[in-house]
Amino acid sequence: MVTRARKRRPDARPGEIIEAALELFSQRGFSATRLEDVAARAGLSKAAIYLYFEDKTALLKAVVQETIGAKIAQVRSAASPAGPVSPVLRQLLMMVAAGVRNTRLPDIIKLVISESRAHPDIGRHYLDNVIGQVLPMAQALIERGIASGEFRSIDARLAVKSLIAPMLLAALWRSVFEPIGAEPLDAEALAAQHADLIIRGLSANG
């Protein structure tokens, strides 16, 4: 009888390993999860994982990239058009809010926060490949709005952190507090309200 593992297409295995890893990392934490546990969840041998990932840290980096990489590409695309900046900032916030609701982004953020002290490479990877990609794009948008006269003159480096902070709250609320009984938070409603507040605060005519 042909086993399920043998039926699996080789090109599907990395995705299955990543999904299994994210489930276990989220449930147990990075330190407590063994590669053999990931292999068992994915229906593979531990040796098979090493065909795709050098070690557990490499697997976690792949989890981050697989979960967030496509969203970063969407943010980059949305941030590129010329014209007024306000609607672009609003769109970006709504995109992040959709990621909080529809993807495993909250689990990734929780994992990075909980494991970065013991495993600095995890935090550094997220800092370089997520925060280090998204914040400069948003900062450049704010600076463009200041240069055009759409926004008043402010410190764009601080403004961009104010812009994204409520989305971090939404992600942590979903991954940490909702599972223990907190009232669900509507990330899109929060993003819409925050966009209104931040754009009014930035406006040169405010």
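The values are calculated or read from the model by the stated rules, or taken from the named source; none is laboratory data. A quick note: this is a predicted structure, and the numbers were derived from the prediction, not measured. Positions of Cβ are backbone-derived with ideal geometry, glycine not excepted, and every protein chain shown enters the neighbour counts.
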Over segment 177-192, the set of residues modelled with pLDDT under 95 and surrounded by 13 or more Cβ atoms within 10 Å (Cβ to Cβ) is none
Tally, over segment 148-165, of residues that are within 23 Å of the chain's Cα centre (by Cα) and free of Cβ contacts under 8 Å to residues at least 60 places away in the same chain: 8
For residues in segment 75-91 being of a type in the set (A, V, I, L, M, F, W, C) and more than 28 Å from Asp121 (Cα to Cα), which is surrounded by the fewest Cβ atoms within 10 Å (Cβ to Cβ)? Ala82
Selected residue [out of contact with any helix residue (DSSP H, G or I) (no Cβ under 7 Å at 6 or more places or on another chain), among the aliphatic types (A, V, I, L, M) and surrounded by 14 or more Cβ atoms within 10 Å (Cβ to Cβ)] from Ile113, Ile72: Ile113
Have a look at Gly123, Gly145 and point out the one that is of a type outside the set (Phe, Trp, Tyr), over 12 Å from the mean Cα position of the chain (by Cα) and surrounded by fewer than 20 Cβ atoms within 10 Å (Cβ to Cβ). Gly123
Can you give me the number of residues within segment 13-51 that are more than 19 Å from the chain's Cα centre (by Cα), surrounded by 17 or more Cβ atoms within 10 Å (Cβ to Cβ) and in a loop (DSSP other than H, G, I, E, B)? 2
Going through (1) of a type outside the set (Val, Ile, Thr); (2) crowded, with 16+ Cβ neighbours inside 10 Å; (3) out of contact with any Lys or Arg (no Cβ under 8 Å at 6 or more places or on another chain); (4) under 20 Å from Ile122 (Cβ atoms) one by one, Asp55 fails only at (2)
If you check Ala62, Ala138, Ala58, Ala70, which single one turns out to be within 30 Å of Ala204 (Cα to Cα) and either in a helix (DSSP H, G or I) or within 17 Å of the chain's Cα centre (by Cα) (or both)? Ala138
Which residue pairs have Cβ atoms closer than 9 Å, lie 6 or more positions apart in sequence or on different chains, and pair a first residue in segment 57-73 that is in contact (Cβ under 8 Å) with a residue 40 or more places away in the chain with a second residue that is in a helix (DSSP H, G or I) and exposed (fewer than 15 other Cβ atoms within 10 Å of the Cβ)? Thr57/Asp121; Leu60/Asp121; Lys61/Asp121; Glu66/Gly15
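Select from segment 75-120 the residues that are under 27 Å from Lys61 (Cβ atoms) and outside any helix (DSSP H, G or I) and list them in ascending order.
Correct list: Ser80, Thr103, Arg104, Ser116, Arg117, Ala118, His119.
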